[in-house]
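To start, the structure under review is shown below, and the notes come after it.
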Amino acid sequence: MTTVDTKAIQAIDSAHYLHPFTDFKDLGTRGARVMTRAEDIYVWDSEGKRVLDAMSGLWCVNAGYGRKELAQAAYDQMMALPYYNSFFQTTNVPAATLAAKLASLAPRVGDRHFSHVFYSSSGSESNDSNVRMVRRYWDLMGQPQRKIIIGRTNGYHGSTMAGASLGGMSGMHAQGDLPIPNITHIGQPYFFEDGRPGESEEEFGIRAAGWLEEKILELGADKVAAFIAEPLQGAGGVIIPPSTYWGEIQRIVDKYGILLISDEVICAFGRLGHWFAYEKFGYKPDLVTFAKAVTSGYIPLGGVMVGNRVADVLIEKGGEFNHGYTYSGHPVACAVALANLEIMERENLVGRVRDDVGPYLAKKFQEVAAHPLVGLAETCGFVGGLVLVKDKASKQTFAPSLSVGMVCRGHCFGNGLIMRAVGDRMIIAPPLTMTHAQIDEMVALILHCLDLTREDVQARGWLA
Ligand code: PXG
């Protein structure tokens, strides 16, 4: 293994590389951590320190690190046909084969089925494609006034102009005059924060879904084109909706005939124990966004599963669709995706999340829920979230200005665990390959880091 001169890399990094979602100046003063290699569920930095990656990179390395088959698939495809476009009535073997494979994995629900795929290279681009397809659909349906897409506050749909607009991150909207016109938002279904005294979680789920109906009526039903949502909110902090939420959302979109977009960039490919998460929550989307784990993050690929309601219209009535990317259907990315899906099927990674390691993680998380610094800890499939609180009994939270989540993240990073902080919610989304022993190891590390965080905030005088 080649050794890396950490200081030298940090110096050129801060001199030349503007990182995503980063305070450039601040990073320049401290120097980025340099990651150099990875295997299984661990990554190593340039100082040789090993870290358990409980975030699967950025929610994507579902099949774990070090998969030689994926490297081999990329190599073989690069030697055969490294690139060719899908414009001008051409295709390539991996792109066509993968489209058929994805269609076979997406379950039919009610009268919806997903026989067609539109490719991009990321989740953000895919959601831009969604906006284009939704608008085209309503134009072709003779209802061009249906322009407005409704998203949710604290939802995340990417970082392009359309993606950031569909998402409901106020910090993103504040930079760049977003959202763009004809995109608006309703509240998220976050019971811990917004449940009323005496209200059950199920009652809250119905009330939160009702905000969609209120918004539709406020805007005028004939103006609304689509509703976009993540099955559960990932980047927003693993916000798991109440069990009643999605059924009520489905009732509302059906009532007003609006399209439903399920953004499954995080939730698809086994993350929640299903190939696609709409199946878990039992709703019927018209468009399904995917990216990340379709290749386990080994190479960029994204796309949209286009349900029959939209596909039939675009195909039968649409003529040429004036939208696409240089890398739509990239042969190398599609070959890697095919190899990745083969691994997932062979090792039953989806089924084991549903039936084995998912329930095991849920059981182990009860130990996390019992920790004195934790006000709520929950999992869904192979994601987990916990809330750091000042007072366990009353569930009183810390002042946001204290950034207790960042204090906790610092202790994790320093102690060989990658866990993300979203405000004071700490979240995990580990590789789906984890063994029970590795889950034990991860939970022990989480508990240790929570202990260190508690001692730290106590010493600062921040506990109740
Ligand atoms: N939709 C969802 C639901 C996502 O989670 C995107 C779209 C955009 O995908 P691309 O490939 O364009 O990044 C995402 C991406 C975080 C974090 O901090 C999450 C994402 C991206 C970056 C950071 O949790 N999710």
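Within the stretch 123-153, track down each residue that is in contact with a Gly (Cβ under 8 Å, 6 or more places away or on another chain), away from the ligand (no atom under 12 Å from the Cβ) and under 19 Å from P181 (Cβ atoms).
R136, T153
For the list (1) open to solvent by less than 50 Å² (accessible area, probe 1.4 Å); (2) modelled with pLDDT under 95, I need the number of the one condition that H411 fails.
Condition not satisfied by H411: (2).
What about A377, is it more than 21 Å from D451 (Cα to Cα) and of a type in the set (G, A, S)? Give the derivation first.
Working: more than 21 Å from D451 (Cα to Cα): no; of a type in the set (G, A, S): yes.
For A377, the condition - more than 21 Å from D451 (Cα to Cα) and of a type in the set (G, A, S) - is not met.
For the stretch 310-319, check the following and say yes or no: at least one residue is over 20 Å from A100 (Cβ atoms), within 14 Å of the ligand (Cβ to nearest atom) and not in a helix (DSSP H, G or I).
Just the residues of the stretch 310-319 that are over 20 Å from A100 (Cβ atoms), to begin with: 313, 316-319.
Narrowing the set further to residues that are within 14 Å of the ligand (Cβ to nearest atom) leaves none.
No, every residue in the stretch 310-319 fails to be over 20 Å from A100 (Cβ atoms), within 14 Å of the ligand (Cβ to nearest atom) and not in a helix (DSSP H, G or I).
Could you say which residue among P400, P430 is surrounded by 22 or more Cβ atoms within 10 Å (Cβ to Cβ) and out of contact with any Lys or Arg (no Cβ under 8 Å at 6 or more places or on another chain)? Reasoning before the result, please.
Working: P400 fails: surrounded by 22 or more Cβ atoms within 10 Å (Cβ to Cβ).
When all the criteria are applied, what remains is P430.
Would you mind stating whether S104 is assigned by TED's automatic domain parsing to the domain that holds P189, in contact with a helix residue (DSSP H, G or I) (Cβ under 9 Å, 6 or more places away or on another chain) and not hydrophobic (A, V, I, L, M, F, W, C)? Lay out the reasoning, then the answer.
Values: assigned by TED's automatic domain parsing to the domain that holds P189: yes; in contact with a helix residue (DSSP H, G or I) (Cβ under 9 Å, 6 or more places away or on another chain): no; not hydrophobic (A, V, I, L, M, F, W, C): yes.
When the stated conditions are applied, S104 does not pass them.
Please count how many residues of the stretch 4-15 are part of a loop (DSSP other than H, G, I, E, B) and loosely packed, with under 12 Cβ neighbours inside 10 Å.
First, pick out the residues of the stretch 4-15 that are part of a loop (DSSP other than H, G, I, E, B): 4-5.
Subsequent filtering for residues that are loosely packed, with under 12 Cβ neighbours inside 10 Å retains 5.
Of the residues in the stretch 4-15, 1 are part of a loop (DSSP other than H, G, I, E, B) and loosely packed, with under 12 Cβ neighbours inside 10 Å.
Is the stretch 141-153 home to any residue that is assigned to a loop (DSSP other than H, G, I, E, B), open to solvent by 40 Å² or more (accessible area, probe 1.4 Å), closer than 18 Å to E230 by Cα and of a type outside the set (D, E)? Steps first, please.
Narrowing the stretch 141-153 to residues assigned to a loop (DSSP other than H, G, I, E, B): 141-147, 153.
Applying the additional criterion that residues be open to solvent by 40 Å² or more (accessible area, probe 1.4 Å) yields 141-145, 147, 153.
Narrowing further to those that are closer than 18 Å to E230 by Cα: 153.
From the residues that got through so far, the ones that are of a type outside the set (D, E) too are 153.
Taking every residue of the stretch 141-153 in turn, at least one turns out to be assigned to a loop (DSSP other than H, G, I, E, B), open to solvent by 40 Å² or more (accessible area, probe 1.4 Å), closer than 18 Å to E230 by Cα and of a type outside the set (D, E).
Yes or no: L178 assigned to a helix (DSSP H, G or I), within 24 Å of the chain's Cα centre (by Cα) and closer than 18 Å to N130 by Cβ?
no
Looking only at the stretch 225-277, count every residue that is charged (D, E, K, R) and touching a strand residue (DSSP E or B) at 6+ places or on another chain (Cβ under 8 Å) and tell me the total. Show your work before the answer.
Residues of the stretch 225-277 charged (D, E, K, R): 230, 248, 251, 254-255, 263-264, 271.
Filter once more, so that each one left must be touching a strand residue (DSSP E or B) at 6+ places or on another chain (Cβ under 8 Å): 230, 263-264, 271.
The number of residues fulfilling the criteria is 4.
May I ask you to list the residues in the stretch 135-162 that are over 17 Å from L232 (Cα atoms) and under 21 Å from the mean Cα position of the chain (by Cα)? Give the steps one after another, and end with the answer.
Of all residues in the stretch 135-162, those over 17 Å from L232 (Cα atoms) come to 135-149, 159-162.
Within the stretch 135-162, I149, S159, T160, M161, A162 qualify.
If you check E201, E213, E218, which single one turns out to be of a type in the set (D, E), modelled with pLDDT of 95 or more and touching a Phe, Trp or Tyr at 6+ places or on another chain (Cβ under 6 Å)?
On the way: E213 fails: touching a Phe, Trp or Tyr at 6+ places or on another chain (Cβ under 6 Å); E218 fails: touching a Phe, Trp or Tyr at 6+ places or on another chain (Cβ under 6 Å).
Result: E201 is the single residue among E201, E213, E218 that is of a type in the set (D, E), modelled with pLDDT of 95 or more and touching a Phe, Trp or Tyr at 6+ places or on another chain (Cβ under 6 Å).
Give the residue, chosen from Y245, Y190, Y156, that is within 14 Å of the ligand (Cβ to nearest atom), at pLDDT 95 or above and of a type in the set (F, W, Y).
On the way: Y245 fails: within 14 Å of the ligand (Cβ to nearest atom); Y190 fails: within 14 Å of the ligand (Cβ to nearest atom).
The unique qualifying residue is Y156.
What number of residues in the stretch 178-201 are open to solvent by 60 Å² or more (accessible area, probe 1.4 Å) and more than 26 Å from L388 (Cβ to Cβ)?
Total satisfying the criteria: 2.
Any residue in the stretch 165-173 that is exposed (fewer than 14 other Cβ atoms within 10 Å of the Cβ) and closer than 28 Å to A235 by Cα?
Yes, the stretch 165-173 has at least one match.
Every residue, every condition in (1) on the phi > 0 side of the Ramachandran plot; (2) modelled with pLDDT of 95 or more; (3) within 15 Å of the ligand (Cβ to nearest atom); (4) of a type outside the set (D, E), yes or no:
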| position | (1), (2), (3), (4) |
| --- | --- |
| A235 | no, yes, yes, yes |
| P241 | no, yes, yes, yes |
| Q250 | no, yes, no, yes |
| V253 | no, yes, no, yes |
| L259 | no, yes, no, yes |
| E279 | no, yes, no, no |
| D286 | no, yes, no, no |
| T289 | no, yes, yes, yes |
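Can you tell me which residues in the stretch 261-271 are more than 16 Å from M55 (Cβ to Cβ) and more than 10 Å from the ligand (Cβ to nearest atom)? Can you show your working first?
Initially, the stretch 261-271 is screened for residues more than 16 Å from M55 (Cβ to Cβ), giving 261-264, 268.
Within the stretch 261-271, just I261 meets the criteria.
From the list A311, A339, which residue is touching a His at 6+ places or on another chain (Cβ under 6 Å), small (G, A, S), touching a residue at least 40 places away in the same chain (Cβ under 8 Å) and outside the structural domain of M442 (by TED's automatic domain parsing)? Let's see the steps before the verdict.
Numbers: A339 fails: touching a His at 6+ places or on another chain (Cβ under 6 Å).
Of the residues listed, the single one that is touching a His at 6+ places or on another chain (Cβ under 6 Å), small (G, A, S), touching a residue at least 40 places away in the same chain (Cβ under 8 Å) and outside the structural domain of M442 (by TED's automatic domain parsing) is A311.
Return yes when I228 is within 16 Å of the ligand (Cβ to nearest atom), within 30 Å of F321 (Cα to Cα), β-branched (V, I, T) and free of Cβ contacts under 8 Å to residues at least 60 places away in the same chain and no when it is not. Write out each step before concluding.
Numbers: within 16 Å of the ligand (Cβ to nearest atom): yes; within 30 Å of F321 (Cα to Cα): yes; β-branched (V, I, T): yes; free of Cβ contacts under 8 Å to residues at least 60 places away in the same chain: no.
So I228 fails the test.
The values are calculated or read from the model by the stated rules, or taken from the named source; none is laboratory data. Quantities reported herein were computed from a predicted structural model and do not represent experimental measurements. Don't worry about glycine lacking a Cβ; one is built from the backbone with ideal geometry, like all the others, and counts go over all protein chains shown. Just so you know, the surface numbers come from the protein's heavy atoms only, side chains and all, with ligands and any DNA or RNA stripped out. Shrake-Rupley method; radii C 1.70, N 1.55, O 1.52, S 1.80 Å.
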